[in-house]
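Here is the structure we will look at.
Each value in this text was obtained by applying a stated rule to the coordinates, not by laboratory testing. Quick caveat, the model's predicted, so the values are computed rather than measured. Every residue, glycine as well, gets a Cβ built from its backbone with ideal geometry; the counts of neighbours run over all protein chains shown.
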Amino acid sequence: AKSYEHILTSSPAPGVGLVTLNRPKALNALCSPLILELNDALLAFDADPDIRAIVLTGSDRAFAAGADIKEMKDKTYVDAYKNRFIENWGVLASLRKPIIAAVSGYALGGGCEIALSTDIILASPTAKFGQPEIAIGTIPGGGGSQRLLKTIGKSRTMELVLTGRQFSAHEAERWGIVSKVVREGDGEVVREAIEMAGVIASKSQLAVQAAKEAVNAALDQSLSEGLKTERRLFYGTFATSDQKEGMGAFAEKRQPNFTHS
Ligand code: CAA
């Protein structure tokens, strides 16, 4: 694995890529060098034929405590606008392979937004989410106001974004932000995320990517457009060997052997 300063990468299970945010002194605050490394690692996994699902995590204490406040506090409007400040955070949402966020501890501001940009969020009972930007004189800039609203509706989004209060793993689960709150224990949430990623990695990669694309279409498109997108992607699976293998294996009462082709 490549060596980075602010993140760690590994492949803890067949087909699974793991990225661990590793800037403990700043609770994984998302400084620009960290984001550049994160994007580099994510794009490398997305391009790696041996990786079929990605897990993104932090430490037990912090997934990420947000954009780096010390780095941005003196930034000017002109600098932010000219240099497209944090626009490169969008790389995460552009990946074709599925990515699971394993969240323990603080996921605040940009940390919450990074988690919301992944496909599935698993949370430790210790997870503390929030969009606290309002408390430092600004607003979410990494998609928080938009992605929260799509999931939890206007009233809750307004409450969270206007008060900046933290919300718990169980609230996040109840509202549909988090798919599951795992058992308590250090490292538990990463273990479960790796296990889930392993299940996804055992399926046809082509079908998984088509499924992800279909689900995401629902966020951006009208229902009728989304239904057409889903149908086209569904038809497309019939052009793959994996569809023949998957359905053939079912008919022959055996396990499929997907070749991702
Ligand atoms: N940026 C830079 N440094 C940060 C940071 C951040 N977002 N969050 C924590 N740190 C640093 C602290 O400055 C501290 O460093 P020093 O030891 O050098 O002083 C270290 O991490 C440990 O933090 P604390 O001592 O504050 O730890 P705590 O346990 O007392 O509190 C916390 C933890 C509640 C998460 C608190 O650190 C905090 O409120 N952090 C800021 C959270 C925040 O406002 N995030 C939103 C940022 S804005 C944003 O993200 C914009 C966007 O949408 C793109």
- Query: What does the convex hull of the Cα atoms come to per residue for region 109-261, in Å³?
  - Reply: 139
- Based on the Cβ-Cβ distance from Ala251 to Arg231, what FRET efficiency comes out when R0 is 30 Å, to the nearest 0.05? 0.80
- Query: Based solely on its DSSP helices, what 222 nm [θ] is calculated for the chain when runs of n ≥ 4 H residues each add -39,500 (n - 2.57) and the sum is averaged over all residues, nearest 500 deg cm²/dmol?
  - Reply: -13000 deg cm²/dmol
- Neighbourhood charge, 14 Å Cβ-Cβ cut-off, centred on Asp48 and excluding it, Lys, Arg +1 and Asp, Glu -1: +1
- Message: Need one number: % antiparallel among DSSP beta bridges in region 1-80, to the nearest 5.
- Response: 45
- Where does the longest stretch of the chain lie that holds no GluC sites (Glu not before Pro) found in a DSSP loop with 10 or fewer other Cβ atoms within 10 Å? 6-183
- Note on the structure: Here, chymotrypsin sites (Phe, Trp or Tyr not before Pro) of region 205-247 satisfying both criteria (DSSP loop; at most 16 other Cβ within 10 Å) are Phe238
- Task: With both partners inside the chain, how many of the DSSP beta bridges are antiparallel, as a percent to the nearest 5?
- Result: 25
- Please work out how many pairs of lysine residues in region 136-261 are eight or more positions apart (or on different chains) and have Cα atoms closer than 16 angstrom. 4
- Message: With bins 5 Å wide starting at 0, give me the P(r) of region 1-103 over every alpha carbon pair, in whole percents.
- Response: 2, 12, 22, 23, 19, 11, 7, 2, 1, 0
- Item | Cα long-axis angle, helix 188-201 against the chain (0 to 90 degrees, to the nearest 10) | 40
- Note on the structure: Rounded to whole angstrom, the alpha-carbon centroid of region 1-65 lies from that of region 241-261 at a distance of 33
- Counting Lys +1, Arg +1, Asp -1, Glu -1, what net charge surrounds Phe85 among other residues with beta carbon under 11 Å of its beta carbon? 0
- Task: Would you mind calculating the gained length between Arg191 and Asn39 on full extension (0.36 nm times residue separation, minus the Cα-Cα distance), in nm to one decimal?
- Result: 52.4 nm
- Note on the structure: The value for the chain (convex hull of the alpha-carbon atoms, volume per residue, Å³) is 145
